[in-house]
């Protein structure tokens, strides 16, 4: 009988007390050769409760839990890009649709410009509301995790050299409870 032994994954773990230190550490990890796909954060409280069936009091309870739900790291710049797209996309679509409809119906260019400006403004207003939601959601996510002890980061390591490098970088950027753990992959 050919039974495969379960594969293990070794990770560096660290907890940050602020988003700036976390982002700086992630930048340093990427500069040191770690891929963004090797980095993960603790998922939202709602996701944890849904997947595990319970909440957690302190982030330390989740550090070494192989079942802890994770999410990919999304940089502040990426969130800003998403907010910009949410504002600009509806503005562009609304303005283009309004101008096109007026011109297609034989309307004057002046009327098309006015309609495009009005529809674009309406689209931008909708986009602004959506962008505020994205920003607020991200801020609430960070605040909740900080209230429960910090921002938890896992870094997959390939070998002893990467383990040492990851632990050094996490410590240099003010992570606490930095250690290596092993989980079943």
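The criterion of being surrounded by 13 or more Cβ atoms within 10 Å (Cβ to Cβ), under 30 Å from residue 150 (Cβ atoms), touching a strand residue (DSSP E or B) at 6+ places or on another chain (Cβ under 6 Å) and at pLDDT 50 or above does not hold for residue 28.
So that you can scan it fast, the table gives a plain yes or no per residue for (1) in the same structural domain as residue 150 (by TED's automatic domain parsing); (2) surrounded by fewer than 14 Cβ atoms within 10 Å (Cβ to Cβ); (3) within 15 Å of residue 178 (Cβ to Cβ):
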position	(1), (2), (3)
12	yes, no, yes
15	yes, no, yes
23	yes, no, no
33	yes, yes, no
37	yes, yes, no
41	yes, no, no
50	yes, yes, no
61	no, no, no
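Within segment 130-164, if we keep just the residues that are in contact with a strand residue (DSSP E or B) (Cβ under 8 Å, 6 or more places away or on another chain), assigned to a helix (DSSP H, G or I) and farther than 16 Å from residue 9 by Cβ, the residue that is modelled with the lowest pLDDT turns out to be 142.
Taking segment 145-165 as the range and being within 20 Å of the chain's Cα centre (by Cα) and surrounded by 13 or more Cβ atoms within 10 Å (Cβ to Cβ) as the test, the residues that pass are 145, 146, 148, 149, 150, 151, 152, 153, 154, 155, 156.
The values are calculated or read from the model by the stated rules, or taken from the named source; none is laboratory data. Since this is a predicted model, take the numbers as computed values, not measurements. FYI the Cβ positions are ideal-geometry reconstructions off the backbone, even for glycines, and counts take in every protein chain you see.
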